[in-house]
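Input: a single structure, listed below in structure tokens.
The values are calculated or read from the model by the stated rules, or taken from the named source; none is laboratory data. Keep in mind that what you see is a predicted model, and the values were worked out from it rather than measured. Cβ placement follows ideal geometry from the backbone for every residue including glycine, while neighbour counts extend to all protein chains displayed.
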Amino acid sequence: MPHDTALIATIALALTFALMLGLLARAARLPTIVGYLAAGVALGPYTPGFVGDIAAAQQLAEIGVILLMFGVGLHFSPRELAEARGVALPGAILQMSCATLLGWGLARLMGWPDAAGLVFGFSLSVASTVVLLRALTERGELATVQGHIAVGWLVVEDLAMVLALVLVPVLAAVTQDRPPAGVLTGIGGNAGIALTVLLTLGKVAAFVALMLVVGARVLPWALSWVGSLRSRELFSLAALVMALGIAYLAYVLFGVSFALGAFLAGLVLGQSTLSQKAAEQTLPLRDAFAVLFFVAVGMLFDPLIVLREPLALLATVLVVLVGKTAAAYLIARVRGLAPRQALSIGAALAQVGEFSFILAGLAVTEGVLPEAGRDLILAAAIITIAVNPLVFRAADALARRLPEAA
């Protein structure tokens with residue numbers, strides 16, 4: 001029977017192009033990520049030839065983020081996350097504030113209103129979960145002090161992004177003088193906005209408490225019980241159900257991002273004696289979907305932005321590569337980290353995250369951000385993700401010149 005093959009074609013061609021261009025990138029001594037991004041550009045609507053299903057690719061990329069964050073949670077413990085909060089919490093807030101101000105200043109120079117500048121700057125302030133975790137894993141730093149702090153930093157950014165996605169429609173309503181969608185009405189404009197924000201924060205707190213109190217008891221027991229059945233297929237299936245299912249329920253019931261839901265699922269499952277086995281058996285899927293993530297990002301890229309807005313693009317990239325890195329490094333040093341650790345954190349954050357695309361897209365839909373802003377964010381993401389390995393090399397070279405106790 002005839003049936004729609006758009007999804008199958010997108011996956012097959014995405015992986016095929018990623019393999020071929022990844023091999024070419026490796027042969028040219030470039031990061032394989034560059035090949036994966038190029039594969040996405042080749043499959044995107046801005047280049048000739050086959051155009052993949054962008055909507056499907058984005059959902060596949062979201063699965064990659066879920067599985068990656070689930071795997072990270074499996075290797076973490078609540079104690080390690082609590083120990084990292086002394087640097088990660090204030091560090092993430094200060095670094096995001098600095099990057100937002102830099103982005104806002106750049107937007108003002110381009111003649112955009114304050115609301116557009118704030119969204120533009122905030123989008124640049126958030127790092128990519130996939131890129132950061134992949135880089136730290138390849139460097140063997142995920143289980144180090146700076147690795148724990150970087151993951152804690154990501155969690156704080158994720159929570160901030162949840163709040164930002166709620167506030168964008170409110171910002172649009174305020175700037176366009178219309179009733180804000182989704183905000184409690186009948187109790188006064190400002191009061192309704194305040195209660196909406198508090199409700200969002202309360203739902204996030206309720207989900208975290210539920211996972212740490214109830215999930216920490218139920219999920220490890222359930223995984224151990226399935227493991228006692230001695231069925232590899234059922235065990236792998238149980239791990240995937242817990243990762244994807246909890247991430248989905250967190251999003252639907254509590255308004256929490258998929259990534260945060262998956263991370264907490266992995267965090268509580270990490271208390272099981274079978275957590276290492278769960279991590280190993282979900283690894284192949286995590287790798288495959290991580291590749292699809294980079295292809296999906298590349299599919300959104302319009303190469304002509306380089307010709308249309310070269311100076312604006314250069315300034316945007318500098319905000320990410322220089323502004324964010326310098327802010328993260330200085331904050332980490334002030335909080336007592338050694339130069340090498342601070343440089344590693346700064347390099348890990350020197351790129352733009354997947355949640356920035358969601359925020360920018362919503363802001364464009366709501367009329368807060370011009371389409372040029374979304375294009376600049378996406379172009380800066382492509383460039384900074386591609387050069388991130390070079391940023392790490394530069395950080396390593398600089399670290400060798402600095403005394404460890406400086």
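Taking the criterion of being out of contact with any Asp or Glu (no Cβ under 6 Å at 6 or more places or on another chain) and at pLDDT 65 or above, the residues of the stretch 170-190 that qualify are Val170, Leu171, Ala173, Val174, Thr175, Gln176. Selection of first residues in the stretch 219-236 that are at pLDDT 85 or above and of second residues that are surrounded by fewer than 12 Cβ atoms within 10 Å (Cβ to Cβ), restricted to Cβ pairs under 6 Å at least 6 apart or on distinct chains, gives an empty result.
Scanning for something in contact with a helix residue (DSSP H, G or I) (Cβ under 6 Å, 6 or more places away or on another chain) and not in a helix (DSSP H, G or I), does the stretch 76-86 turn up at least one residue? Scanning the stretch 76-86, I find at least one residue that is in contact with a helix residue (DSSP H, G or I) (Cβ under 6 Å, 6 or more places away or on another chain) and not in a helix (DSSP H, G or I), so the answer is yes.
Say whether the condition of being surrounded by 21 or more Cβ atoms within 10 Å (Cβ to Cβ), charged (D, E, K, R) and over 18 Å from Leu390 (Cβ atoms) is met by at least one residue in the stretch 342-354. Checked the stretch 342-354: at least one residue is surrounded by 21 or more Cβ atoms within 10 Å (Cβ to Cβ), charged (D, E, K, R) and over 18 Å from Leu390 (Cβ atoms). A single entry from Thr282, Thr273 fulfils the requirement of being within 30 Å of Ala14 (Cβ to Cβ) and of a type in the set (S, T, N, Q): Thr282. Every condition in (1) in contact (Cβ under 8 Å) with a residue 40 or more places away in the chain; (2) crowded, with 21+ Cβ neighbours inside 10 Å; (3) not in a loop (DSSP other than H, G, I, E, B) holds for Leu244 except the one numbered (2). Mind checking which residues of the stretch 289-331 are over 18 Å from the mean Cα position of the chain (by Cα) and modelled with pLDDT under 90? The answer is Asp302, Pro303, Leu304, Ile305, Val306, Leu307, Arg308, Glu309. Per this entry, Gly73 is counted among residues that are in a helix (DSSP H, G or I) and not aliphatic (A, V, I, L, M).
Considering only the stretch 333-350, I want to know if a residue exists there that is under 30 Å from Val41 (Cα atoms) and over 17 Å from the mean Cα position of the chain (by Cα). Yes, the conditions are met somewhere in the stretch 333-350. Per the listing Ala92, Ala127, Ala107, Ala99, the residue uniquely in contact (Cβ under 8 Å) with a residue 12 or more places away in the chain, within 22 Å of Thr316 (Cα to Cα) and over 20 Å from the mean Cα position of the chain (by Cα) is Ala107.
Which ones in the stretch 131-158 are outside any helix (DSSP H, G or I) and more than 19 Å from Thr384 (Cα to Cα)? Within the stretch 131-158, Gly140, Glu141, Leu142, Ala143, Thr144 meet the criteria.
Restricted to the stretch 221-240, and to residues there that are among the charged types (D, E, K, R) and assigned to a helix (DSSP H, G or I), the residue that is nearest to Thr273 (Cα to Cα) is Arg232.
From the list Gly86, Gly91, Gly103, the one residue that fits, being surrounded by fewer than 17 Cβ atoms within 10 Å (Cβ to Cβ), out of contact with any Cys (no Cβ under 9 Å at 6 or more places or on another chain) and either more than 30 Å from Pro310 (Cβ to Cβ) or of a type in the set (Gly, Ala, Ser) (or both), is Gly86.
Reported count of residues in the stretch 17-58, each being surrounded by 12 or more Cβ atoms within 10 Å (Cβ to Cβ) and farther than 26 Å from Ile305 by Cα, is 3.
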